[in-house]
Amino acid sequence: MNSVKKHKISDNINLYIIDDTKYKTVYFSTHLYRTLKREETTLNSLLSKVLKCGTQKYQSMNALNIYAEELYGCIYDVGVSKKANLQSIVSSVNVLSDKYTGESCETKALELMLDLLFKPYVKEESFCREFVDNQKDNLRDDIDSLINDKRSYANVRCIEEMCKGEANSVVEIGYKEDIDSIDEKLLYSHYKNIILNSPIDIFVVGDIDENLILKSIKAYLYEFSFDIKPVLIEYTGKDVREINYVEDNLNVNQGKLAMGLRTGINIENPLYYALLVGNSILGSGAHSKLFNNVREKLSLCYYAYSRLDKYNSLMLIGSGIEFDNYQKTRDAICEEIENVKSGNFTDDELEVAKEYIISSYRSYEDTPALLVDYYISLTYTPSLKTLSQASECVRSVTKDDVLKAFENVRLDTVYFLNGKEEQA
Amino acid sequence: MNFIKKHIESLGETLYSAVHSTGLRIFVIPKKGFSKTYAVYGTKFGSINNHFVPLGSDKDITVPDGVAHFLEHKMFEQPDGSNAFDLFSKYGANANAFTSFTNTCYLFSCTKYFDECFEHLLSYVNKPHFTDENIEKEQGIIGQEIRMYDDDGEWVVMFNMLRALYVNNPVKIDIAGTVESISQINKDVLYNCYNTYYNPANMVVAVAGDVEPERIFEIVDKTIKNTEYGKVTSIYPDEPEAVCQKYIEAKSLVAKPLFQIGFKDNNLKTGSELLRREIALKILLRLIAGRSSAFFKENYDSGLINDTFDTDVMTELSFSCVSFGGECDNPKELKEKLMRTLDKFREIGFDKAEFERIKKAFYGSFVRTFNNVESIGNLICRNMLSDVDVMEFPEIYSTITCDTMTELLNEVLTEENSVLSVVLPAE
């Protein structure tokens, strides 16, 4: 398996290098971590969009796009993501390896990735007003268009209802009602407040010259006076009192069922891998009970799956069904949850689920972005395992472990996206 | 030693190709160091093949819409009542299948037990087991798949564009059919389709990963048996050059209006010329409306379009079209602006430096495809099923010039070839 090399650049700034000759590209990313807060999330989300609009060198999106094309169409982005109570602002550039271009695009791409975050286009202590206004509209569009994808809309609504008031339920994309009050000056002062005092991880994956990269990054960051306090990962999770049933009526052709469960087990819990295996037996993969029984036997749906939120001790089950089959599907899913809880699964099902998870861990190595995502979780949860250690943990899970892990699994919220009265 | 080797130095890749005695074409791209191996086994049977002469008959038949996709689902049914996924799961492999307008493909990726999985792929796709009972069960599952797409505004706006572009071509028919049309499918229909189209000479298998080509050939040789196969005769209706309707509108639960501006390309190509046209059209669309274009800048800055704006090219043996789409509050205004931009290019031509830059970026995206075993397998399989050797890319790419752009602009992106499809937000 790939090894990752860690270099400390300065306090709370680390560089991680995964050197592998098999890729055609070099993938660079920088992750700046903030504590997820309702009052800050929209600012960070909008900031990530505005940072994409121009750097000191390339002062418009158009100029950036032209430059990216010159680098054989490198793909650059700035966005936000969330893990537990951490919101990160991520700039990334994916560029063809110099081996395939015969030009030196790699170092230019590295500089571009750093510029996007550290040297944005700024005029008189402010971001450019047109950029900010335009991106405020785009962010509103992004938030509104969540409804376009009904499957994820139902999932988001389920979690929203389930985790009302919990710190980690704040969404990383931000809130529409918080956009109006932000202007170019406020956004820039927020940027100034966070850029030098937030922990930073830099990742480089590809066939690269490690020393050169290390030297370039150190030289680049030398001019900035960082003063960074670490942020700590915190998990939430609470007990279920009674099951909460929520229904929305919208103009849709298919009902979307989303069931939220509390697992009581986060990624640092020793039972996490047993929970993962149980979740796969239940609803992750074509071997799972939801696929084979709810879809194949009962023919109720095209998809039915379960997945875990490893930070917030949640499990989410989703399916798309006829409106009239709501009760029937819900009962069928509950029956499968009970089957896993009561050990009503074969050794074969257990082994297949384990093989499935281990195989997906192995396949992370072929995709730089997935590798980086995995190693980021590692940097914030030191007790966490490398991919091969994690595979070993999965391998050693027994049926009893699954039963122990599932003891705590409780249904919390049932959300149903139903049609409007005349359709339903 | 059955393979022909083609090494492309600039890409650092080698394609191994062979034809098995059954006529099955085999393609392998070895990828040293990759954990995952991907295999895809495809047949030239897609949603557009709804009219054909069945094997052993001299009379043509028309089959219900959505039959290729239905058959794809039913291939997973095994004679012993289990399903083909089970064995893949046992090996920790991820299996799936998909049906497009022109092909049906069965695939898996795995990180261990490749030989076993590969043999299973070839053997289950060669063992149909259709019963009336398992067909009825599938109607419920696919019925929900169809409903899911009914709620997908992007799918609706794209299909409506095809309906506006085409008068008769079956590309305008939904790949999965309708709840009504799939209710007419029975086992005789499925066997008729299967026996006609699932014939090794009509199929391709592509593998990408850390594998030995010779081993792939051995497994094919041991699994695929020689039988008598007939020639496949698909019948396509005549398609007039003119579009079907200029404007089409629907409503769906979406936040902002969605649009697709489509252009019908009546000049159908085969072989290297088909690949050349696909590459050239993709470069042309980026040149006109890509992220660095004046058109994109103007309309993005004014807020008429947003980050969802994108272009698409569909070039196949039996149909060809291109499109510009995304979210927009005023799609009619945007289409007028696009048409004016096209006229301007007709007048003043393209900037040569800009063309070279976009061409370079496009080359980058081609090389990038080879970073991922799934993308490689799908690229090879899709092209080879259309009898296109995609590894000719570097040579063909180098023959595309700024003049090619002007020719295509005048030939394809004209007012009479254009349609507008809009999905408005439903209440």
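Only the coordinates and a few stated rules stand behind these numbers; no lab work does. Computed from a prediction, not measured in an experiment: that's the story for all the values here. Note: ideal-geometry Cβ built from the backbone for every residue, glycine included; neighbour counts use all protein chains shown.
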Requested in this report: May I ask you to say which residue of B:E316, B:E333 is within 26 Å of the chain's Cα centre (by Cα) and either more than 17 Å from B:T406 (Cβ to Cβ) or within 14 Å of chain A (Cβ to nearest Cβ) (or both)?
Outcome: B:E316
Requested in this report: Run down B:V171, B:V157 and say which single residue is within 20 Å of the chain's Cα centre (by Cα), surrounded by 21 or more Cβ atoms within 10 Å (Cβ to Cβ) and farther than 29 Å from A:A304 by Cα.
Outcome: B:V171
Query - Selected residue (only one of B:F108, B:F130, B:F118, B:F159 is touching a residue at least 40 places away in the same chain (Cβ under 8 Å) and in a helix (DSSP H, G or I)) - result: B:F118
**Report entry** Subset of the stretch B:229-273 (residues that are more than 14 Å from chain A (Cβ to nearest Cβ), over 20 Å from B:D310 (Cα atoms) and outside any loop (DSSP other than H, G, I, E, B))
**Finding:** B:T233, B:S234, B:G271, B:S272, B:E273
Query raised in the report: Which of the residues belonging to the stretch A:33-51 are out of contact with any helix residue (DSSP H, G or I) (no Cβ under 7 Å at 6 or more places or on another chain) and small (G, A, S)?
Result: A:S48
Report summary line: Within the stretch A:119-133, the residues that are more than 14 Å from chain B (Cβ to nearest Cβ) and within 21 Å of A:S91 (Cα to Cα) are A:K119, A:P120, A:Y121, A:V122, A:S126, A:F127
Query - Unmet criterion (only one of (1) closer than 23 Å to B:M391 by Cα; (2) out of contact with any strand residue (DSSP E or B) (no Cβ under 8 Å at 6 or more places or on another chain); (3) among the hydrophobic types (A, V, I, L, M, F, W, C)) for B:L274 - result: (2)
Query raised in the report: Could you say whether any residue in the stretch A:134-144 is at the interface with chain B (Cβ under 9 Å from one of its Cβ atoms), touching a strand residue (DSSP E or B) at 6+ places or on another chain (Cβ under 7 Å) and either within 18 Å of B:T308 (Cβ to Cβ) or among the aliphatic types (A, V, I, L, M) (or both)?
Result: yes
Requested in this report: For the stretch A:174-192, indicate whether the set of residues that are of a type in the set (G, A, S), within 16 Å of A:Q135 (Cβ to Cβ), outside any helix (DSSP H, G or I) and within 22 Å of the chain's Cα centre (by Cα) is non-empty.
Outcome: yes
Query raised in the report: Looking at A:S45, is it within 14 Å of chain B (Cβ to nearest Cβ) and surrounded by 21 or more Cβ atoms within 10 Å (Cβ to Cβ)?
Result: yes
Query raised in the report: If we scan the stretch B:50-68, do we find a residue that is within 14 Å of chain A (Cβ to nearest Cβ) and at negative phi?
Result: no
Report task. Please go through the stretch A:135-158 and pick out each residue that is in contact with a helix residue (DSSP H, G or I) (Cβ under 7 Å, 6 or more places away or on another chain) and either of a type in the set (V, I, T) or not in a helix (DSSP H, G or I) (or both). Result -> A:I143, A:I147, A:V156
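Listed here are the residues, each with its yes/no results for (1) under 22 Å from B:L258 (Cβ atoms); (2) acidic (D, E); (3) under 17 Å from the mean Cα position of the chain (by Cα); (4) surrounded by fewer than 19 Cβ atoms within 10 Å (Cβ to Cβ).
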site	(1), (2), (3), (4)
A:K123	no, no, no, yes
A:N134	yes, no, no, no
A:D142	yes, yes, yes, no
A:L146	yes, no, yes, yes
A:C158	no, no, no, no
A:E172	no, yes, yes, no
Query raised in the report: What residue, among those in the stretch B:41-81 that are aliphatic (A, V, I, L, M) and assigned to a loop (DSSP other than H, G, I, E, B), is surrounded by the fewest Cβ atoms within 10 Å (Cβ to Cβ)?
Result: B:L55
Report task. Starting from residues that are touching a Ser or Thr at 6+ places or on another chain (Cβ under 8 Å) and crowded, with 19+ Cβ neighbours inside 10 Å, keep the ones in the stretch B:106-124 and report whichever is nearest to the other protein chains (Cβ to nearest Cβ). Result -> B:T111
Query - Failed criterion for B:F98 (all others in (1) surrounded by fewer than 19 Cβ atoms within 10 Å (Cβ to Cβ); (2) touching a residue at least 40 places away in the same chain (Cβ under 8 Å); (3) outside any helix (DSSP H, G or I) hold) - result: (2)
**Report entry** Test result for A:S377, of a type in the set (S, T, N, Q), within 30 Å of A:R34 (Cα to Cα), touching a Leu at 6+ places or on another chain (Cβ under 9 Å) and part of a helix (DSSP H, G or I)
**Finding:** yes
